[in-house]
Amino acid sequence: MILCLAFTACALAPAATGASAARPPVSLVASPARVTLAGRARATIRVANTGTAPVVVDVTRAGYALDLRGRPRVVPGRARPRSAVRWLRVRPARLVIRPRTAAVLAVSSVPPAHAEPGDHQALLLATTRRRRSAALSVRMRLGIVVVVRVPGRVVRRLVPVRLRVRRAGRTRLIEVTIANRGNISEVLDARCVRVTLRRRGRLLTTLRARERNLLPKTSGIAEIRYRGPIRGRLVALVEPAIRRTCARGPRRAFAVRL
């Protein structure tokens, strides 16, 4: 996952082949987009400059979180629970990349002996420096997610906490707050989160949640858009797991009004 952070100026996508004059001066691509390290491990990341100007890139570490709706955020990482910021080492800390070339970052993890099993996350922030010679200074910052999975007992458990309905015109937005009480990141999607609508015990319809990630020991909202004809008071039964590949968790029924 590569994040083009909202509070920085992001370069436009490269133009089609043969239209090099339309290429932006600053454009970075990192590969892989997401790095997972198993305990004490090492990986390399290729950072390519697809723009027309040379760039100087500073690489730093930061904390990583998702808000209730799954949007990524940069947060102070050192004191955050399940942060891997202190465990990461990255070399070099500065890259000088000519146009249409690439450089390589080496990232390694050294979790302490007392680290809790499961997933711990951090960001590598690759930020271009301002070009003094440019009439308009453009900076770009990429956030590359790094997950460190500490060996040990894996716990997978999703718990429905709350359900509410919001109206947006003819659309009903069913928002299910789910707590990830396990120790690894989970993907909430149509396979693993479903809501059945019932009235007086009779099944009316089955709805599926839109895909989003949920970090361990956090809560988030799984959103379902409903445009069907069902209205009135009914019971919504939330089932966080319906397949072997999904995290387990209890069912929970909520009284709602559509």
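Test GLY220 against the criterion of being within 22 Å of HIS120 (Cβ to Cβ), open to solvent by less than 10 Å² (accessible area, probe 1.4 Å) and either β-branched (Val, Ile, Thr) or not in a loop (DSSP other than H, G, I, E, B) (or both), and give yes or no. It is true that GLY220 is within 22 Å of HIS120 (Cβ to Cβ), open to solvent by less than 10 Å² (accessible area, probe 1.4 Å) and either β-branched (Val, Ile, Thr) or not in a loop (DSSP other than H, G, I, E, B) (or both). Considered as a group, the residues in segment 16-47 that are surrounded by 13 or more Cβ atoms within 10 Å (Cβ to Cβ) and in contact with a Leu (Cβ under 7 Å, 6 or more places away or on another chain) include one that is modelled with the lowest pLDDT, and that residue is PRO24. Where strands (runs of 3 or more DSSP E) fall entirely within segment 88-131, those with at least 2 residues that are free of Cβ contacts under 8 Å to residues at least 60 places away in the same chain and more than 23 Å from ARG156 (Cα to Cα) are at 88-91, 94-97, 101-109. For segment 226-257, name all the residues that are under 26 Å from ARG170 (Cα atoms), within 28 Å of the chain's Cα centre (by Cα) and surrounded by fewer than 12 Cβ atoms within 10 Å (Cβ to Cβ). Across segment 226-257, the qualifying residue is only ARG227. Only residues that are closer than 30 Å to ARG210 by Cα, surrounded by fewer than 19 Cβ atoms within 10 Å (Cβ to Cβ) and of a type outside the set (D, E, K, R) were counted in segment 67-98, giving 7.
What residue, among those in segment 184-206 that are under 16 Å from the mean Cα position of the chain (by Cα) and either open to solvent by 40 Å² or more (accessible area, probe 1.4 Å) or not β-branched (Val, Ile, Thr) (or both), is modelled with the lowest pLDDT? First the steps, then the outcome.
First, the residues of segment 184-206 that are under 16 Å from the mean Cα position of the chain (by Cα): 184-189.
Now narrow it down to the ones that are either open to solvent by 40 Å² or more (accessible area, probe 1.4 Å) or not β-branched (Val, Ile, Thr) (or both): 185-189.
Values: SER185: 94, GLU186: 94, VAL187: 91, LEU188: 89, ASP189: 86.
Across segment 184-206, the extreme among qualifying residues is ASP189.
Counting only residues that are open to solvent by 30 Å² or more (accessible area, probe 1.4 Å) and free of Cβ contacts under 8 Å to residues at least 60 places away in the same chain, which one in segment 165-178 is nearest to ARG69 (Cα to Cα)? Ranking the qualifying residues of segment 165-178, first place goes to ARG166.
The values are calculated or read from the model by the stated rules, or taken from the named source; none is laboratory data. Here the structure is a predicted model, which is why all the values come from computation and not from measurement. No Cβ is skipped: glycine too gets one built from the backbone with ideal geometry, and neighbour counts run over all protein chains shown. Accessible surface is based on the protein model in full, side chains and every heavy atom, while ligands, DNA and RNA are left aside. Shrake-Rupley method; radii C 1.70, N 1.55, O 1.52, S 1.80 Å.
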